[in-house]
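Okay, structure first, notes after.
The values are calculated or read from the model by the stated rules, or taken from the named source; none is laboratory data. In this text the structure is predicted, and so the values were computed from the model without any measurement. For neighbour counting, all protein chains shown are included, and Cβ atoms are generated from backbone atoms with ideal geometry for every residue, glycine included. Side chains included, ligands, DNA and RNA excluded: accessible areas come from the protein's heavy atoms. Shrake-Rupley method; radii C 1.70, N 1.55, O 1.52, S 1.80 Å.
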Amino acid sequence: MLKTKLFISLYIGFLVYIALKSFFGAGGFFDYISSVQYKDKLNQNLQELEIIYHDLFHDLKSLKSNAHIVKLYSRELGYFESDEHVIKFQGMGPKKIFYKVGTVLKRNQALKDETQILFISVGFAVFLVIFLFSLILPDKKKRAYGNKKRRSESFIYVSENSIR
């Protein structure tokens, strides 16, 4: 009877550990949901990066082929021809050229070793609690029959033909 209680307690503790690991552990249900959300963010970021790439590619193409565009960009950077004059207004700074370069996404990685130890500890605690309660609480059979062991009575069947 003690072995049965021990086995059932171990089994329930193991099931609790497996359930915790399946829902909250690495590769579990909630990890899967967060990876799907991260995948969606990556897809949105990829679309933004494609738009930025096409804008930069268009600017590069125009800088390589159009001399007028190169002249405009050089004026914005402060390079002027000798016959040109610069008029500066007070309170207005030079226009600066900034290119949008996109964002870098990083996934939040929790420490999986700490959760593994926590899951094992919870499973072991559940095992201990169930096993101790099963030892403390009396069985229904013991309440009905007392602490006496039932004698196994063996009957020998003898037929009339076997006696002769």
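Scan segment 32-43 and give yes if some residue there is within 30 Å of F127 (Cα to Cα) and part of a helix (DSSP H, G or I), otherwise no. Step through it out loud before you land on a result.
First, pick out the residues of segment 32-43 that are within 30 Å of F127 (Cα to Cα): 32-33.
Narrowing further to those that are part of a helix (DSSP H, G or I): 32-33.
Within segment 32-43, one or more residues are within 30 Å of F127 (Cα to Cα) and part of a helix (DSSP H, G or I).
Among residues of segment 45-61 that are under 21 Å from Y73 (Cβ atoms), those with a Cβ under 9 angstrom from a residue that is surrounded by 13 or more Cβ atoms within 10 Å (Cβ to Cβ) and of a type in the set (A, V, I, L, M, F, W, C), sequence gap 6+ or separate chain, pair up as D59/I69.
Inspect all residues belonging to segment 83-104 and state whether any of them is surrounded by 11 or more Cβ atoms within 10 Å (Cβ to Cβ), touching a Leu at 6+ places or on another chain (Cβ under 7 Å) and touching a residue at least 60 places away in the same chain (Cβ under 8 Å). No, segment 83-104 has no match at all. Within segment 5-23, residues that are within 10 Å of G123 (Cα to Cα) have Cβ atoms under 6 Å from residues that are in a helix (DSSP H, G or I) and open to solvent by 70 Å² or more (accessible area, probe 1.4 Å) in no pair, counting only partners at least 6 apart in sequence or on another chain. Pairs linking a residue in segment 24-44 that is more than 25 Å from L118 (Cα to Cα) to a residue that is open to solvent by 70 Å² or more (accessible area, probe 1.4 Å), with Cβ atoms under 7 Å and 6 or more positions apart or on different chains, are Y38/R107.
Conditions (1) over 30 Å from the mean Cα position of the chain (by Cα); (2) of a type outside the set (G, A, S); (3) within 30 Å of V129 (Cβ to Cβ); (4) at pLDDT 90 or above, marked per residue:
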{"residue": "S9", "(1), (2), (3), (4)": "no, no, yes, no"}
{"residue": "A19", "(1), (2), (3), (4)": "no, no, yes, yes"}
{"residue": "F23", "(1), (2), (3), (4)": "no, yes, yes, no"}
{"residue": "K61", "(1), (2), (3), (4)": "yes, yes, no, yes"}
{"residue": "N66", "(1), (2), (3), (4)": "yes, yes, no, no"}
{"residue": "L72", "(1), (2), (3), (4)": "yes, yes, no, no"}
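One residue stands out in segment 74-125 among those that are at pLDDT below 75 and of a type in the set (G, A, S): the one that is farthest from Y38 (Cα to Cα), namely G93.
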